[in-house]
1. With Cβ to Cβ distances under 10 Å as the rule, what net charge do the other residues near residue 68 carry (K, R +1; D, E -1)?
2. List the relative contact order of region 333-439 as a percent without decimals, with contacts defined as Cα pairs under 8 Å and 6+ residues apart.
3. Only one of the values [x] 67, 50, 43; [y] 66, 55, 43; [z] 103, 48, 38 was calculated from this structure for Cα extents along the principal axes in Å; name its label.
4. Please work out the C-alpha center-to-center distance from region 280-328 to region 100-118 and express it in whole Å.
5. Can you tell me what percent of all Cα-Cα pairs in region 212-324 are more than 16 Å apart?
6. Suppose only helical runs count, i.e. DSSP H with n ≥ 4. What mean residue ellipticity at 222 nm does that imply for the chain under -39500 (n - 2.57) per run, divided by all residues and rounded to the nearest 500 deg cm²/dmol?
7. Charges at C-beta only: +1 for Lys and Arg, -1 for Asp and Glu. How large is the resulting dipole of region 12-417 about its Cα centre, in Debye rounded to 20?
8. Rounded to the nearest angstrom and ordered from largest down, what semi-axes does the equivalent ellipsoid of region 62-175 get from its C-alpha gyration tensor (root of 5λ)?
Amino acid sequence: MLTASFHFPKGFLWGTATAAHQVEGNNTNNNWWKWEQEGHTVHKSGLACDWWGGRWKEDLDRAAESGQNAHRLSVEWSRIQPAPDRWDEAALEHYRAILRGLRDRNMTAMVTLHHFTDPLWLSEIGGWETGTVVPLFEKFVRKTVEALKEYCTLWCTINEPNVYALEGYVDGKFPPGQSNVVRPFRVEANLLRGHAAAYRAIHAVQPEARVGFAHHHRPMKPRYSWFPLDVLERNIQFNAINMAFPSGIRSGVMRTPLGNTRIPEAKGTQDFFGLNYYSQDTVAFDLLRPSELFGRRYYPKGSDIAEGGMNANLPEGLFNSIKWALQFNVPILITENGIEDAKDSLRPRYMAGHIHQLWRAVNYNWPVRGYFWWTLVDNFEWERGWTQRFGLWELDVETQARRKRPSADLYAAICKENGLTSEMVQKYCPEAFAGMFPG
């Protein structure tokens with residue numbers, strides 16, 4: 001049998017990513033908890049993974065024992081600032097304890113300061129729909145970073161601002177559940193202003209900090225490259241979903257299909273580019289879809305598609321996404337990559353294929369510095385509740401018991417080797433071997 005190894009540079013970060021509301025449990029003071037109680041989600045988050053109750057310790061033990069040297073987590077604004085005029089020092093100490101736990105396990109921490117949830121009091125005054133939020137977010141960021149700076153120098157200001165805006169203000173699946181063409185770009189502009197203010201606040205508190213944001217990148221191909229309407233529609237869809245926030249940081253002008261917004265203070269406000277990649281779409285012009293800007297996005301027939309159809313196993317999309325991100329001229333971190341797969345039958349070949357493409361990018365000497373798998377243990381997947389299982393470890397929601405999936409052993413082998421080998425692929429996903437090791 002052919003043997004080969006794909007190794008990564010010394011010091012490469014290998015970790016998993018989590019988010020506060022999805023793992024902590026009983027986050028009762030934010031807009032998502034209220035959204036759940038109103039019946040907008042398949043399930044309720046409840047205890048989630050009980051991290052606020054202390055189970056973060058056992059989960060981080062598992063991560064460290066499996067060779068992970070980093071972890072990306074988020075903090076919950078509504079815990080730290082439960083009211084506009086009140087800070088909860090006990091909550092900050094709780095997060096300090098988690099970050100100390102990472103340090104004690106020799107793991108690098110990346111902290112995300114906003115991951116989809118807003119305090120109820122912020123929602124009640126308009127949330128991110130008005131510019132009032134920007135100084136409030138800056139104040140929260142300054143307070144939080146001051147409290148946690150002893151244990152963290154790697155900060156993600158906002159997770160997936162494009163998803164926050166589109167799901168909350170176009171699709172209506174996230175709070176506040178609106179369907180509007182103009183408002184999402186106004187919200188995204190305020191998120192960009194908040195990011196810029198947070199970037200400067202973090203550097204004022206901690207000059208050595210590295211600050212970026214996590215961008216949900218959805219690469220797209222036209223159905224027919226020779227058909228002008230498919231190409232046009234691909235470009236419209238791609239720019240609407242992918243380009244607003246990054247263009248604003250690159251040039252100080254946020255570019256959208258509805259026009260441009262000048263936000264000069266945002267220019268140059270990233271020290272790294274956080275890239276979240278799950279899958280890529282094929283786009284076709286479709287007159288029957290005016291609400292989707294006359295575009296239909298789909299996976300080609302025969303694609304290796306996950307349960308529920310949300311994501312497909314298209315590893316080359318990660319390579320192409322990294323190539324796309326090179327234009328921003330900063331180091332790149334893969335801040336999320338993963339697949340929903342309760343049976344753990346697709347996940348091993350998805351993981352191996354994507355890490356192989358990651359290695360291709362690194363082998364081109366592209367500045368990729370780390371990789372965070374989504375996610376460590378099954379968690380609450382927003383409007384989809386517990387119906388999607390992304391974890392290396394399975395969670396029994398009723399008992400809080402964890403059960404290791406085979407893909408957890410594959411990822412452990414990759415982390416400990418600092419690379420992917422033909423023996424790993426042959427053991428955990430032999431069906432992918434010929435495609436990765438031809439001949």
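1. Residues near residue 68 contribute +2 overall.
2. Contact order relative to length: 29 percent.
3. Derived directly from the coordinates: [y].
4. 30
5. Value for region 212-324 (Cα pairs over 16 Å): 65 percent.
6. -11000 deg cm²/dmol
7. Computed about the Cα centre, the dipole is about 1060 debye.
8. Square roots of five times the eigenvalues give 27, 18, 11 Å.
Since every read-out is calculated from the coordinates, none of them should be taken as a lab result. Predicted, not measured: the structure shown is a model, and the values here were computed from it. Note: ideal-geometry Cβ built from the backbone for every residue, glycine included; neighbour counts use all protein chains shown.
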